[in-house]
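*Asks:* The structure is given below, and queries will be raised subsequently.
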Amino acid sequence: VLDSVAFTGILLKILGREKEEYMKSSGYYVGRLLSLADLLHEQYCIHVRNKGDKKKGLPPQLLGNSLMRSAMDNPVQTLARLQERLMVYYAWATKEQGEYIGLAKWAMIQMGEIAEALSNLELPTRTTDTMKAEILLGYLAKSQKNEGGEQ
């Protein structure tokens, strides 16, 4: 995975897309949003479905990952599908209280920031190979926040 991320970054550089540029692109933000949707879905599964037991299995595919193929074709349609499925997890994280919910609430804050950034950008219904690479990089990018809630 790390090799493919590095390779994708190199390809974007060859195509003239600098890191500072593509990290502010709609494709990158869509990838980040899907990655954060995975985190929120994972937290929901651990704390609601598995009653706090992290050792119980998660679904074979989390929400954001299940929408990656769609995102590579049509980001607008993907966000519409994400909205349909995300609301259950978002509602849960909004109403829950306690220390265990911190990571889910952090993911929601990050999603809000990305949504705000996306509102200022054009989101295409068709993707180019460059945008597909940016979506992948956004999805694979890791935040500085870890499972323990530290930065």
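*Asks:* Which ones in the range 21-40 are out of contact with any Pro (no Cβ under 8 Å at 6 or more places or on another chain), modelled with pLDDT of 95 or more and either open to solvent by 40 Å² or more (accessible area, probe 1.4 Å) or not polar (S, T, N, Q) (or both)?
*Replies:* Across the range 21-40, the qualifying residues are Tyr29, Gly31, Arg32, Leu33, Leu34, Leu36, Ala37, Asp38, Leu39, Leu40.
*Asks:* Of the conditions (1) open to solvent by less than 20 Å² (accessible area, probe 1.4 Å); (2) among the aliphatic types (A, V, I, L, M); (3) at pLDDT 95 or above, Leu12 fails just one. Which one is it?
*Replies:* Condition (3) is where Leu12 drops out.
*Asks:* Same structure again: Are any of the residues in the range 123-132 open to solvent by less than 90 Å² (accessible area, probe 1.4 Å), at pLDDT 95 or above and of a type in the set (A, V, I, L, M, F, W, C)?
*Replies:* no
*Asks:* Arg81: part of a helix (DSSP H, G or I) and among the charged types (D, E, K, R), yes or no?
*Replies:* yes
*Asks:* Tell me which of these Gly112 doesn't satisfy, since it passes every other one: (1) in a helix (DSSP H, G or I); (2) open to solvent by 80 Å² or more (accessible area, probe 1.4 Å); (3) closer than 30 Å to Asp129 by Cα; (4) not hydrophobic (A, V, I, L, M, F, W, C).
*Replies:* (2)
*Asks:* Looking only at the range 67-102, which residues are within 14 Å of the chain's Cα centre (by Cα) and either in contact (Cβ under 8 Å) with a residue 60 or more places away in the chain or within 17 Å of Lys132 (Cβ to Cβ) (or both)?
*Replies:* Leu67, Met68, Arg69, Ser70, Ala71, Met72, Pro75, Thr78, Leu79
*Asks:* Would you check which residues across the range 29-64 are in a helix (DSSP H, G or I) and without any contact (Cβ under 8 Å) to a residue 60 or more places away in the chain and list them?
*Replies:* Asp38, His41, Glu42, Cys45, Ile46, His47, Val48, Arg49, Leu63
*Asks:* Also: Only one of (1) touching a Lys or Arg at 6+ places or on another chain (Cβ under 8 Å); (2) at pLDDT below 95; (3) in a helix (DSSP H, G or I) fails for Ser70. Which number is that?
*Replies:* That leaves (2) as the condition not met.
The values are calculated or read from the model by the stated rules, or taken from the named source; none is laboratory data. What you see is a predicted model, and the numbers here were worked out from it, not measured in a lab. Ideal geometry is used to build each Cβ from the backbone, glycine not excepted, and the neighbour counts take in all protein chains shown. With ligands, DNA and RNA removed, areas are computed over all heavy atoms of the protein, side chains included. Shrake-Rupley method; radii C 1.70, N 1.55, O 1.52, S 1.80 Å.
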